[in-house]
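Asks: Please see the structure below; I have some questions.
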Amino acid sequence: MKKIIFILFLSALISANASAQEKLTWHTDINEAIEIAVKEDKKVMLFFTGSDWCGWCIKLQNEVFKTSDFEKWSKDMVLVELDFPRRTTQEEIIKAQNAQLQAMFKVRGYPSVYFVNPEKMPDGKMNLNNLGKTGYVKGGAIKWLEVANNIVKKTI
């Protein structure tokens, strides 16, 4: 009987954690993400990562991005993952887009997290106002979110 209760408890815990992760939407198409951000008046978080080889990127995801604190915080943000995997295949269009953004933001290391405020210009083009950047921050979600809040609360 104890085993059954333990198994039910464990499966409920796993299910709750999985459903929390499903609530977050990580976009891979920057144009789609910017459209959403402009429409919903949100800032954009660009997460430059090496998902299948970068230890610090994986650590940042586990310690911060997979927490309920981050989930609550990110409701006012459009999340974009710009991945540079070594073993996982990617569509060529995504590879090209990610490389272009990497060059635009002069990303030199991973993980790099940039916060931008998209602005639609009178000529119809989009401008990404760079608010600042961070990477892995020692101290878990609370410390990382303090740094992120200091960046996104800046005004241009």
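Asks: To the nearest 0.05, what FRET efficiency results for I93 and K23 with a Förster distance of 22 Å applied to their C-beta separation?
Replies: The pair I93/K23 has a calculated efficiency of 0.25.
Asks: Still on this structure: Can you give me the relative contact order of region 25-152 as a percent, contacts being Cα pairs under 8 Å and 6 or more apart?
Replies: For region 25-152, the relative contact order is 32 percent.
Asks: For region 25-152, what are the per-bin percents of Cα-Cα distances with bins 5 Å wide, up to the bin holding the maximum?
Replies: Over region 25-152, the share of Cα pairs per 5 Å bin runs 2, 11, 21, 25, 21, 13, 6, 2, 0 percent.
Asks: Sticking with the crude label model, points 7 Å out along Cα→Cβ, report the distance from D76 to N31 in nm, one decimal please.
Replies: 3.0 nm
Asks: Can I ask one more? Taking the number of other C-beta atoms within 10 Å as the exposure measure, put D76, D123 in order starting with the fewest.
Replies: Ascending number of Cβ neighbours within 10 Å: D123, D76.
Asks: Could you give the length gained by full extension between K125 and S68, i.e. 0.36 nm per residue of separation minus their alpha carbon distance, to one decimal place?
Replies: Between K125 and S68, full extension yields an extra 17.0 nm.
Asks: List the lysines whose alpha-carbon lies under 22 Å from that of K72, not counting same-chain residues fewer than 8 positions away?
Replies: K23, K39, K42, K43, K59, K133, K138, K143, K153, K154
The numbers here are math on the coordinates, done by the rules we state, and not lab data. Nothing here was measured: the structure is a model prediction, and the numbers come from that model. Every residue, glycine among them, receives a Cβ derived from its backbone with ideal geometry; neighbour counts consider all protein chains shown.
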